[in-house]
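Contents: one structure, followed by commentary.
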Amino acid sequence: MVASQAEIMKHAISEEYLIFMRLALDEARLAAAAGEVPVGAILIAEGAIIARAHNQREALQDPTAHAELIAIRQAASHLGSWRLTGSALYVTMEPCAMCVGAAILARVERIVFGAWDAKAGACGSIMNIPEERRLNHRLEIVGGVLEEESRELLQGFFQGLREKLPLNANR
Ligand code: ZN
C-alpha cells in the first residue's frame with residue numbers, strides 16, 4: 001500500500017517536531033542543572049535554529065525570564081526585526097499567558113510544546129489565548145510533543161526540591 005501524500009507530510013512534520021523538541025529538552029536540562037525550573041525553548045526560522053534558551057528566573061531574579069521570552073528576544077535580535085513571521089517556537093512546557101502574548105506580538109506562526117501545565121498553561125489548560133477569535137494573529141498550537149520526557153524532567157526537579165526541605169530531613 002502506498003502512503004498518501006498527506007500521511008508522508010504528517011510523518012515528515014512530526015519527525016521535525018521530535019528533533020527540535022529534543023533540543024528544547026537539552027535546554028531544559030541546562031535549566032535544571034542551574035537550579036531553575038526546567039523549561040527550555042528553541043526558535044526556528046526558515047529551518048534554522050535562531051535562538052535557544054532556558055528558564056533563568058532565579059539567576060536573573062526576573063519574573064519575565066521564561067525560556068520562551070528569552071528565545072523570542074534572542075531571535076528578534078538575531079534577525080534585527082521584531083517580526084518573527086513564519087517562525088516556530090518549541091518549548092518543553094505549555095506557555096503561560098505572558099509567553100503566548102509575546103509570541104503573538106512577534107507574529108510567531110506555530111508553537112510546539114511538550115508537557116501541559118494545569119497551573120498556568122494558556123494554550124488550553126487554564127485558558128486558550130491562541131483560540132481567541134478577537135485577536136487578528138492566528139497562532140497554530142501543537143501540544144504534547146515528547147510530553148512524558150518534559151513532564152518527568154519537571155517532576156524530578158520538584159521532587160529534588162522537596163527532598164531538600166528541612167522538614168523531610170529525618171525521613
Ligand atoms: Zn511563560
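A few remarks follow.
- Some residue of the range 33-53 being surrounded by fewer than 24 Cβ atoms within 10 Å (Cβ to Cβ) and part of a helix (DSSP H, G or I): yes
- A Cβ distance below 6 Å, combined with a sequence gap of six or more or placement on separate chains, defines the contacts here; from the range 66-84, residues that are at positive phi reach no residue that is more than 16 Å from the ligand (Cβ to nearest atom) and in a helix (DSSP H, G or I).
- When each of Glu68, Glu15, Glu46, Glu58 is tested for being within 13 Å of the ligand (Cβ to nearest atom), more than 17 Å from Arg138 (Cα to Cα) and among the charged types (D, E, K, R), the lone residue that passes is Glu68.
- Residues in the range 120-143 include at least one that is among the polar types (S, T, N, Q), more than 17 Å from the chain's Cα centre (by Cα) and farther than 20 Å from Ala31 by Cα.
- Taken as a whole, the condition of being modelled with pLDDT of 95 or more and either β-branched (Val, Ile, Thr) or under 24 Å from Ile129 (Cα atoms) (or both) applies to Ala102.
- When Asn136 is tested against (1) over 20 Å from Cys96 (Cβ atoms); (2) at pLDDT 95 or above, only condition (2) is not met.
- For the condition surrounded by 15 or more Cβ atoms within 10 Å (Cβ to Cβ), within 16 Å of the ligand (Cβ to nearest atom), in contact (Cβ under 8 Å) with a residue 12 or more places away in the chain and assigned to a loop (DSSP other than H, G, I, E, B), Ala120 qualifies.
- Taking the criterion of being crowded, with 24+ Cβ neighbours inside 10 Å, within 14 Å of the ligand (Cβ to nearest atom) and in a helix (DSSP H, G or I), the residues of the range 71-110 that qualify are Ala71, Ile72, Cys99, Val100, Ala103.
The values are calculated or read from the model by the stated rules, or taken from the named source; none is laboratory data. Keep in mind it's a predicted model, so treat the numbers as computed, not measured. Note that we place each Cβ from the backbone using ideal geometry, even for glycine, and neighbour counts take in every protein chain shown.
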